[in-house]
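Below is one structure, written out as structure tokens; comments come after it.
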Amino acid sequence: MTERVKEILSWYSSDNPGTLTNLARLLNHGRLAGTGRLVILPVDQGFEHGPARSFGPNPPAYDPRYHFELAIEAGCNAYAAPLGFLEAGAREYAGEIPLILKLNDHDVLYDEADPNQALTASVADALRLGCVAIGFTIYPGSAHRLEMYSQIRACAEEAKRHGLAVVIWSYPRGSGLSQQGQTAIDVVGYAAHIAAQLGAHIIKVKLPTAYIEQEAARKVYEAQKIPIETLADRVRHVVDCAFKGRRIVIFSGGAFETEEKLLEEIRAIREGGGFGSIIGRNSFQRPKPEAVRLLHKIMDIYAS
Amino acid sequence: MTERVKEILSWYSSDNPGTLTNLARLLNHGRLAGTGRLVILPVDQGFEHGPARSFGPNPPAYDPRYHFELAIEAGCNAYAAPLGFLEAGAREYAGEIPLILKLNDHDVLYDEADPNQALTASVADALRLGCVAIGFTIYPGSAHRLEMYSQIRACAEEAKRHGLAVVIWSYPRGSGLSQQGQTAIDVVGYAAHIAAQLGAHIIKVKLPTAYIEQEAARKVYEAQKIPIETLADRVRHVVDCAFKGRRIVIFSGGAFETEEKLLEEIRAIREGGGFGSIIGRNSFQRPKPEAVRLLHKIMDIYAS
Amino acid sequence: MTERVKEILSWYSSDNPGTLTNLARLLNHGRLAGTGRLVILPVDQGFEHGPARSFGPNPPAYDPRYHFELAIEAGCNAYAAPLGFLEAGAREYAGEIPLILKLNDHDVLYDEADPNQALTASVADALRLGCVAIGFTIYPGSAHRLEMYSQIRACAEEAKRHGLAVVIWSYPRGSGLSQQGQTAIDVVGYAAHIAAQLGAHIIKVKLPTAYIEQEAARKVYEAQKIPIETLADRVRHVVDCAFKGRRIVIFSGGAFETEEKLLEEIRAIREGGGFGSIIGRNSFQRPKPEAVRLLHKIMDIYAS
Amino acid sequence: MTERVKEILSWYSSDNPGTLTNLARLLNHGRLAGTGRLVILPVDQGFEHGPARSFGPNPPAYDPRYHFELAIEAGCNAYAAPLGFLEAGAREYAGEIPLILKLNDHDVLYDEADPNQALTASVADALRLGCVAIGFTIYPGSAHRLEMYSQIRACAEEAKRHGLAVVIWSYPRGSGLSQQGQTAIDVVGYAAHIAAQLGAHIIKVKLPTAYIEQEAARKVYEAQKIPIETLADRVRHVVDCAFKGRRIVIFSGGAFETEEKLLEEIRAIREGGGFGSIIGRNSFQRPKPEAVRLLHKIMDIYAS
Amino acid sequence: MTERVKEILSWYSSDNPGTLTNLARLLNHGRLAGTGRLVILPVDQGFEHGPARSFGPNPPAYDPRYHFELAIEAGCNAYAAPLGFLEAGAREYAGEIPLILKLNDHDVLYDEADPNQALTASVADALRLGCVAIGFTIYPGSAHRLEMYSQIRACAEEAKRHGLAVVIWSYPRGSGLSQQGQTAIDVVGYAAHIAAQLGAHIIKVKLPTAYIEQEAARKVYEAQKIPIETLADRVRHVVDCAFKGRRIVIFSGGAFETEEKLLEEIRAIREGGGFGSIIGRNSFQRPKPEAVRLLHKIMDIYAS
């Protein structure tokens, strides 16, 4: 157990040894083991965007085994997916990679201004599949947000009692926010804080822009001169918003443009004190060797 | 136990022996036993469309015993029906045909843009009636879809714990979709994927057309040149969408035109790697000898 | 045990001996004992229409004991009522008449296009009051119908597990139907079928007219030349819709005009293979001797 | 035990000895003990109308102990109040006065056409506070009425199982009724009947006017010449509506005008066969000696 | 145990010794121990207003440990916060300061006329974190108020059974009230009374203005000449509204203007018989030594 991992675990001192053990498993697995940084492979896009849009560009990815193998070969810290995808490989790859079961999901066959998520798996499912954590998405900014907060609360309580860790995907969305506001720095920071207050061990947010959505927040950012100009600044601020760095915050990339731009973002996350990345489409939508190469580059930045 | 059935069971490795036993019962019953192909008789149309529309064309079919006998005589893999129909014969025909209890149903006496289903039976009912599986309908595209996903999640968890298999009827429908979109290839593939992610062992969808409903999907189908021209192409794509063939996907026919057209469809399902058919109105709405003859023809295609 | 009762019980072969015992109690009580026909006294009109409208014409009927006595003196098969009315006499008349506890009710002090019912009693109440069955109303055609189906499903499962029989009042009503459609032959047949699929042992519908509400149904009625001209034809068709006569279907009268017209209807029910009648306002809104005389006339027709 | 109390208890023969014991405690306490008449002090107006409007006219009444003492000194049969008020004195005055815990409440800080009530206490609370009964308000005529009926059903079942009595405040209100209709004779009679059917032991309604709200009811009142001209007539009719006098019905006063008018109303209740009064604002909004004097006058009328 | 604390505990005589012990811990901790006055540090503003708006002015406050230390150093009676903040320090500071777990929260990323709160923690969480009480917010005046009342009822019952105390934040808000009405004297008094009736041990309201919102209330205030001119008058009235002083009522400040104005308010609370203050932004948004100095000044006023 490295000093850094010990330090990180110390932030979760109210949790039982079971949950700490599972958090340690996440932190001590793969190429970034022991560094306190994480790269997680998430594959819920088949549910969230549709299978052809997700896997059409790299057809082997239709096979659920593909993602287990990608995560293992790339040396990710963990693999996160909905119930069906995990059921389709949990026994074959048992013990080879920490698993995170997404407990809720959403599809885009019905278009709504205020999105919600369906419960699609349970803590009992996570336990029977050997997972280390549950994953849960909330949409701050949606009319249905309070319902999602209440659901994750109940799931998180049950998960912690059973020694699992809790990962919250906090994605601002809904009629309470402008399109631009979904990645505004004030909104992303707020979203990270809400997830932390809801009891998340690991928080996943999008990389924020320098835009500020809320007037009441703008005044404080300006008055206090909170630095938000560079991406690293903004990452640092979001990490501050999550209990001043005492909760693990990881980031998903913005829209993919070029590999160099992606790696630039990774460097900014690292520089800003972010704990790592969750890399979905940028990994499984390209041939596996190519994906492994890219993931290793990303991990190398974090490990450096 | 044939190699093919063993192979199919291997895809469900996270399930307990009880569920695998029931899946094996389904796969090893009737004229297609051991082939890995299935023809299932479903009779929920009395509830879904009304009794006269369903059974008027062949009045003996008003009698619940008729369908047990039809399924047995034709050598179907299983018979699926709502609570009342199964209660009315489960003891008389105990052990003669695997049963699937439909847990939810819908009627057409109230017309709504966004349909939902009522829970009409339970996992406990399925167990007391000696069923091998539960059946459940979801309507991706409906404003109520998240509620249905959450319900099947809960029912499926309970069913699997008790050693039952799970069959999901995934029927895109509702205000999120155009009429044509309900059978669009992207939508049907998406619907099959959602059912797979929700943990279904067997997925039932409609035969898709070459129409594409979602703009975001169209780009991928065109860019990746996903073949969708022939019906066999489309069946193959839908099977890919269900974990690249590692989930059993079966199809209901399009509108009946001629027997030859129906058999043409069966050949396309077979050619595209589909696992079989669910044949309702095309079987019970004609005289039993005629129905048995047609079902045998269908099974012969699958067995060939 | 008469052959006819044995035959009827044989249709419910999935039920446990407890439930069959209670069904037998219903069938073997009163002047029609053993005939396989039933006349049941229902008194929920106080709740459904108000006490003055219900009991004003015959004031002794305000007293809950009155109805127990009427049902006993007339030799009815059973007495059905809401919680309060049964609590008010279940001990005094214990063992004298089979009781059916209505589990849900509705009042007319709030007028709505899509009616619903409130749960007003439980299976546990039915057991403590010594009832043989629960009664439940559904409104096919109402926007709330799926909720009612789900409720009766849960109540019926619990009732059957505890050895009670299940009676469903299936009353098409709501914005999905025209006024005339509430008693249309296709709609009443559909309503009877839904109740049967929901697991009812006894189904109560209104006498249907020859009107057809649904276009899709009309085509079948015409194509198949389903006879619906005489009332007996229509009764026969509704009985067919309820599992081809393998579920007990009873009828409530149309609007009362003359005694002769009422008896004419009874003869048609009998001729069409209906299992009996549920006679509420036509019995308790007249002096008791008069009611007993009329009920005996009705029973005589059924017994003939 | 007086003959009259024995007689009243005999109407509740389906209840267990625990509930009958608590009913007997209510009937055998205070100055009207044994008479079969009741005067109950209810103090939920602080919640329902606000504390200043309720207690401002007599400031000692802000203190929860005041009402216990008032009920005890006046010799009321019972004291009814929400959770907070009972918690604030149940130990100090344990055993000195039968208590009724109001399980639901409503405030007027949000104005709505269709009022509902919040559950604010439980049967378990009633038991731990030593109460003899639960109290529950329903609003027939409100769009939310079915929800309230279902709630009291569940609470009443639990209460009766634990040996408590059930008191229902049945207050017609909501968009289904005109303002005048809330106290219309047909509506009040209907409301009393609904409460009786829901299983209430004691029913509390407002004094009705001679107005008739529902056209369908008017026809019966006129055809049957139901006497509703005098207040005593109307009380008698409401008592008839509650199982022809076999349920305890008590009345709250109309708007206070003069003491003589109030006493006139009490005489009419007595003459019409009403079982007593629930006197809130007319008792606690005046100095205690004055209130005790008035309550004694009222009790004297009932005892005469 | 001081006489004053003994007296206060005597008001809660229906509670079990566990709850009284926890109430005593609150009253006997910190610089005001034994005085019967309380100053509590609440830090839920990160959730309620966003982290930057809350902690930007004093960046060390992003760290959850900061608030434990501030509360301990200042000698507050207790520290109240949402789940995440308490989990992040409950072990490190175990036993050093009584903790209150906020069970529900709300954010401002979705703007609604009728606010509601999400359940974000449970009584079981409060117990495992060693808390002395649960905290709960209600919004009288909101269309969702009845739901919140029902939720706190259930939580409070569970909390009391497990020996925890119950603190209710009663904040009038929603479409039932004008902006000015949220702090109107009649509304604040009403809100305090509702909280007391819901079973709160400690009630937290805002300082009221002399404005009167409800016409029906105005008449009483004027007729009874209830003194509401000075802030001390109004505090006294609110304390009266909470069971004439037999429930602990504490106040949050109005908008911060100057330190002198704040201390003036504290003096008015003290003079009016208020039990103390809950000081959030005025304490954690300034440097800690400065905050401790101010809190000590406030406590000195209460202790004087």
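Numbers at a glance
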item: B versus C: buried accessible surface, summed, Å² (probe 1.4 Å, to nearest 100); result: 3400
item: Equivalent ellipsoid semi-axes, the range A:104-223, via Cα gyration tensor eigenvalues times 5, rooted, Å; result: 28, 17, 11
item: Amide H partners (placed H, <5 Å) of residue E:277, local residues excluded; result: E:38, E:39, E:40, E:251
item: Chain D - percent of accessible surface contributed by carbon and sulfur, probe 1.4 Å; result: 51
item: For residues of B:240-248, the mean tally of beta carbons on other chains within 10 Å; result: 6
item: For residue A:169, residues with placed amide H under 5 Å, excluding near neighbours; result: A:136, A:137, A:138, A:204
item: Listed residues C:212, C:269, C:203, most fluctuating in chain C (Gaussian network, C-alpha, under 10 Å); result: C:212
item: The range D:64-136 versus the range E:196-233: alpha-carbon centroid distance in Å; result: 23
item: Gap separating the Cα centres of the range D:269-304 and the range B:1-38, nearest whole Å; result: 78
item: Shape category assigned to chain D from the gyration tensor of Cα positions, a/c cut at 1.5; result: rounded
item: Choice from B:274, B:84, B:30 with maximal GNM fluctuation in chain B (Cα, 10 Å cutoff); result: B:84
item: Residue with peak Gaussian network fluctuation, chain A [Cα springs, cutoff 10 Å], from A:98, A:64, A:17; result: A:17
item: Cα centre as origin, Lys/Arg/Asp/Glu Cβ charges: chain E dipole, Debye; result: 740
item: Other copies of residue A:290: label-to-label distances in nm, shortest first, labels 7 Å along the beta-carbon direction; result: 5.6, 5.6, 9.1, 9.1
item: Nm distances between copies for residue D:227, ranked from closest, using label points 7 Å along Cα→Cβ; result: 5.8, 5.8, 9.3, 9.3
item: Closest approach to the A/B rotation axis among chain A Cβ atoms, residue and whole-Å value; result: A:147, 10
item: Normalised contact order of chain A, rounded percent, pairs of Cα under 8 Å and 6 or more residues apart; result: 18
item: The range D:79-174, relative contact order [Cα under 8 Å, separation at least 6], %; result: 28
item: Point-charge dipole on Cβ atoms (K/R +1, D/E -1) for the protein assembly as shown, about Cα centre, debye to 20; result: 2480
item: Farthest toward positive dipole pole in the protein assembly as shown [+1 Lys/Arg, -1 Asp/Glu at C-beta], among A:242, A:199, B:149; result: A:199
item: Prolate/oblate/rounded call for the range E:1-146, Cα gyration tensor, a/c under 1.5 rounded; result: oblate
item: Residue-averaged 222 nm ellipticity for the protein assembly as shown, from DSSP H runs of 4+ at -39500 (n - 2.57), nearest 500; result: -12500 deg cm²/dmol
item: Cα-centred dipole magnitude for the range E:63-141, charges only on beta-carbon of K, R (+1) and D, E (-1), debye, nearest 20; result: 340
item: Shielding by partners - mean other protein chain Cβ count within 10 Å, residues of C:102-109; result: 6
item: The protein assembly as shown shape via C-alpha gyration tensor axes, a/c threshold 1.5; result: oblate
item: Heavy-atom accessible area, 1.4 Å probe, ligands and nucleic acids excluded: residues of the range B:47-63 down by at least 50 Å² from chain alone; result: B:47, B:51, B:52, B:53, B:62
item: Accessible solvent surface per residue of chain C, calculated while the other protein chains remain in place, 1.4 angstrom probe, Å²; result: 31
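The values are calculated or read from the model by the stated rules, or taken from the named source; none is laboratory data. This is a predicted model, so every value here is computed, not measured. FYI the Cβ positions are ideal-geometry reconstructions off the backbone, even for glycines, and counts take in every protein chain you see. Side chains included, ligands, DNA and RNA excluded: accessible areas come from the protein's heavy atoms. Shrake-Rupley method; radii C 1.70, N 1.55, O 1.52, S 1.80 Å.
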